[in-house]
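Participant: Got a structure here, written out as structure tokens. Questions coming.
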Ligand SMILES: Nc1ncnc2c1ncn2[C@@H]1O[C@H](COP(=O)(O)OP(=O)(O)O)[C@@H](O)[C@H]1O
Ligand SMILES: [Mg+2]
């Protein structure tokens with residue numbers, strides 16, 4: 001049976017060092033949930049707390065209504081897959097998958113059936129009797145996955161399972177993992193530092209920094225309306241530009257430098273204002289959110305470099321402020337962007353994100369892109 005996981009104010013310390021201060025999070029039953037963040041932010045620590053391999057210094061973790069802080073790891077009914085497959089070299093594929101079932105004293109005929117079924121699910125039935133050393137990295141990782149899910153765990157934990165695979169295989173395996181998880185429907189907590197991988201596999205993602213969750217949302221939420229500048233820069237590529245807002249929340253006017261002013265769509269959070277002075281803000285403008293202006297108005301800039309990549313052309317543009325920005329345009333059959341060209345840029349005001357000066361508050365949160 002799959003479970004929901006509830007973290008309430010949990011704290012993790014290694015000696016006196018707080019690694020996770022009071023984290024709360026709810027993972028839904030059957031969900032593919034990813035912990036994403038830079039190396040050292042506490043992803044593995046959190047996963048090991050779910051598994052019971054780490055002590056918990058404060059708060060509680062519950063599977064459905066049951067607090068599991070003091071439940072032994074072996075009693076938590078968890079399947080785990082790690083970066084270094086950790087499959088037994090002296091056992092065949094079937095032997096590896098049988099291991100957890102033998103421990104649980106599953107009767108022989110049922111065991112055979114369950115091994116057959118799971119090898120089908122992960123698509124390695126033809127290698128049933130092979131030894132691990134005669135399998136590729138991807139196949140070994142499928143064995144590790146089969147071994148983790150054949151026991152019908154309540155929760156499946158995966159810690160950077162694709163890190164040891166080459167780029168092509170990583171993409172193939174992440175698709176396989178996503179499909180297999182959908183088929184078996186087990187609540188899954190997946191750890192990665194690779195934002196593209198996280199977006200490809202997850203129902204929802206928690207972006208972490210220094211043990212603190214910065215944003216929980218669907219891949220689309222997190223890409224399109226990142227909660228703060230850290231999330232905006234960690235997920236995908238973006239340009240951070242200083243600007244000013246004035247006017248009312250219903251019709252805010254955006255200014256960049258002296259040469260650019262444009263009306264924004266209404267700001268749903270309101271414009272925090274202590275005076276009538278324009279409010280300094282930071283914009284996150286993704287490369288694809290710049291538009292080459294054709295009417296001679298817009299932010300002036302000069303093309304520093306451009307690269308034709310088929311469908312798209314990537315360019316670096318130096319603005320009048322001296323800041324260099326990165327933009328992506330769909331390639332046309334007409335004129336190309338050439339180094340040294342003077343251009344005028346507009347920005348897609350529905351898609352960009354506007355933050356307060358600290359970069360901590362997204363003023364456009366909740367606005368439809
Ligand atoms: N056993 C340990 N003892 C002391 N510090 C640890 C231990 N394990 C991890 N840490 C520290 O906790 C922080 C989070 O580590 P970790 O959870 O492994 O990060 P991630 O998996 O996100 O890369 C890091 O600063 C790391 O150095
Ligand atoms: Mg880790």
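For (1) within 16 Å of the chain's Cα centre (by Cα); (2) surrounded by 15 or more Cβ atoms within 10 Å (Cβ to Cβ); (3) more than 16 Å from ligand 2 (Cβ to nearest atom), each residue gets a yes or a no:
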{"position": "143", "(1), (2), (3)": "no, yes, yes"}
{"position": "156", "(1), (2), (3)": "no, yes, yes"}
{"position": "159", "(1), (2), (3)": "yes, yes, no"}
{"position": "164", "(1), (2), (3)": "no, yes, no"}
{"position": "167", "(1), (2), (3)": "no, no, yes"}
{"position": "172", "(1), (2), (3)": "no, no, yes"}
{"position": "175", "(1), (2), (3)": "yes, no, yes"}
{"position": "180", "(1), (2), (3)": "no, yes, yes"}
{"position": "184", "(1), (2), (3)": "no, yes, yes"}
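Participant: I've got another one for you. Failed condition for residue 1, given (1) within 16 Å of ligand 1 (Cβ to nearest atom); (2) out of contact with any helix residue (DSSP H, G or I) (no Cβ under 9 Å at 6 or more places or on another chain), with all others met?
Facilitator: Unmet condition: (1).
Participant: Give the residue, chosen from 68, 78, that is within 24 Å of residue 25 (Cα to Cα) and touching a helix residue (DSSP H, G or I) at 6+ places or on another chain (Cβ under 6 Å). Before you say what the answer is, go through the steps one by one.
Facilitator: Numbers: 68 fails: touching a helix residue (DSSP H, G or I) at 6+ places or on another chain (Cβ under 6 Å).
It is 78.
Participant: Could you give me the residue pairs with C-beta distances under 6 Å whose first residue belongs to the stretch 75-101 and is closer than 18 Å to residue 117 by Cβ, whose second residue is surrounded by fewer than 17 Cβ atoms within 10 Å (Cβ to Cβ) wherever it lies, and which are 6+ apart or on separate chains?
Facilitator: Filtered contacts from the stretch 75-101: 92/129; 92/131; 93/128; 93/130; 94/128; 96/88.
Participant: Pick out the one residue from 2, 60, 24, 39 that is surrounded by fewer than 16 Cβ atoms within 10 Å (Cβ to Cβ) and either closer than 26 Å to residue 140 by Cα or modelled with pLDDT under 95 (or both). Outline the logic, then answer.
Facilitator: On the way: 2 fails: surrounded by fewer than 16 Cβ atoms within 10 Å (Cβ to Cβ); 60 fails: either closer than 26 Å to residue 140 by Cα or modelled with pLDDT under 95 (or both); 24 fails: either closer than 26 Å to residue 140 by Cα or modelled with pLDDT under 95 (or both).
Answer to the check: 39.
Participant: Scan the stretch 196-213 and tell me whether some residue there is in a helix (DSSP H, G or I) and within 16 Å of ligand 2 (Cβ to nearest atom). Quick ask: steps written out before the conclusion?
Facilitator: We begin by selecting, within the stretch 196-213, every residue in a helix (DSSP H, G or I); these are 196-201.
Okay, now just the ones that are also within 16 Å of ligand 2 (Cβ to nearest atom), so 197-198.
Yes, the stretch 196-213 contains at least one residue that is in a helix (DSSP H, G or I) and within 16 Å of ligand 2 (Cβ to nearest atom).
Participant: When you check residue 292 against the structure, is it touching a strand residue (DSSP E or B) at 6+ places or on another chain (Cβ under 7 Å) and closer than 22 Å to residue 229 by Cβ, yes or no?
Facilitator: Working: touching a strand residue (DSSP E or B) at 6+ places or on another chain (Cβ under 7 Å): yes; closer than 22 Å to residue 229 by Cβ: no.
Taking the combined requirement at face value, the residue does not satisfy it.
Participant: Does residue 25 fit the bill of being within 14 Å of ligand 2 (Cβ to nearest atom), in contact with a strand residue (DSSP E or B) (Cβ under 9 Å, 6 or more places away or on another chain) and in contact (Cβ under 8 Å) with a residue 60 or more places away in the chain? Step through it out loud before you land on a result.
Facilitator: Values: within 14 Å of ligand 2 (Cβ to nearest atom): no; in contact with a strand residue (DSSP E or B) (Cβ under 9 Å, 6 or more places away or on another chain): yes; in contact (Cβ under 8 Å) with a residue 60 or more places away in the chain: yes.
Considered against the rule, which asks whether it is within 14 Å of ligand 2 (Cβ to nearest atom), in contact with a strand residue (DSSP E or B) (Cβ under 9 Å, 6 or more places away or on another chain) and in contact (Cβ under 8 Å) with a residue 60 or more places away in the chain, residue 25 comes out as no.
Participant: Take residue 52 and tell me if it is away from ligand 2 (no atom under 16 Å from the Cβ), closer than 30 Å to residue 138 by Cβ and in contact with a strand residue (DSSP E or B) (Cβ under 9 Å, 6 or more places away or on another chain).
Facilitator: Details: away from ligand 2 (no atom under 16 Å from the Cβ): yes; closer than 30 Å to residue 138 by Cβ: yes; in contact with a strand residue (DSSP E or B) (Cβ under 9 Å, 6 or more places away or on another chain): yes.
Yes.
Participant: Same structure again: Under the condition of being at pLDDT 95 or above and farther than 21 Å from residue 217 by Cβ, which residue from the stretch 10-20 is nearest to ligand 2 (Cβ to nearest atom)?
Facilitator: The initial filter retains those residues of the stretch 10-20 that are at pLDDT 95 or above, namely 10-14, 17-20.
Keeping just the survivors that are farther than 21 Å from residue 217 by Cβ gives 11-14, 17-19.
Details: 11: 19, 12: 13, 13: 17, 14: 14, 17: 16, 18: 18, 19: 12 Å.
Among residues in the stretch 10-20 that are at pLDDT 95 or above and farther than 21 Å from residue 217 by Cβ, the one nearest to ligand 2 (Cβ to nearest atom) is 19.
Participant: Going by the structure shown, is residue 323 surrounded by fewer than 17 Cβ atoms within 10 Å (Cβ to Cβ), modelled with pLDDT of 90 or more and in the same structural domain as residue 255 (by TED's automatic domain parsing)?
Facilitator: On the way: surrounded by fewer than 17 Cβ atoms within 10 Å (Cβ to Cβ): yes; modelled with pLDDT of 90 or more: yes; in the same structural domain as residue 255 (by TED's automatic domain parsing): yes.
When the stated conditions are applied, residue 323 passes them.
Participant: Filter the stretch 216-233 down to the residues that are touching a strand residue (DSSP E or B) at 6+ places or on another chain (Cβ under 7 Å) and over 23 Å from residue 280 (Cβ atoms) and list them by number.
Facilitator: Selection gives 216, 217, 218, 219, 222.
Participant: Which residue out of 32, 88, 99 is modelled with pLDDT of 95 or more and more than 16 Å from ligand 2 (Cβ to nearest atom)?
Facilitator: On the way: 88 fails: modelled with pLDDT of 95 or more; 99 fails: modelled with pLDDT of 95 or more.
Exactly one residue qualifies, and that residue is 32.
Participant: Just to be sure, is residue 284 under 30 Å from residue 20 (Cα atoms) and within 16 Å of ligand 2 (Cβ to nearest atom)? Talk me through it step by step, then tell me what you get.
Facilitator: Numbers: under 30 Å from residue 20 (Cα atoms): yes; within 16 Å of ligand 2 (Cβ to nearest atom): no.
It is false that residue 284 is under 30 Å from residue 20 (Cα atoms) and within 16 Å of ligand 2 (Cβ to nearest atom).
Participant: I need the full set of residues from the stretch 218-243 which are part of a strand (DSSP E or B) and either on the phi > 0 side of the Ramachandran plot or surrounded by 18 or more Cβ atoms within 10 Å (Cβ to Cβ) (or both), in order please.
Facilitator: 239, 241, 243
Participant: Being free of Cβ contacts under 8 Å to residues at least 60 places away in the same chain and more than 12 Å from ligand 1 (Cβ to nearest atom) is the filter here; which residues of the stretch 28-60 pass it?
Facilitator: Scanning the stretch 28-60 gives 52, 56, 57, 58, 59, 60.
Participant: For the stretch 28-40, how many residues meet the condition of being in contact with a strand residue (DSSP E or B) (Cβ under 6 Å, 6 or more places away or on another chain) and under 13 Å from residue 160 (Cβ atoms)?
Facilitator: Here the count works out to 4.
Participant: The conditions are (1) within 16 Å of residue 224 (Cα to Cα); (2) out of contact with any helix residue (DSSP H, G or I) (no Cβ under 9 Å at 6 or more places or on another chain); (3) part of a strand (DSSP E or B), and residue 262 fails exactly one of them. Which is it?
Facilitator: Exception for residue 262: condition (1).
The values are calculated or read from the model by the stated rules, or taken from the named source; none is laboratory data. Remember, predicted model here, so these are calculated numbers, not experimental data. When we count neighbours, we look across all protein chains shown, and the Cβ atoms used for this are built from the backbone with ideal geometry, even at glycine.
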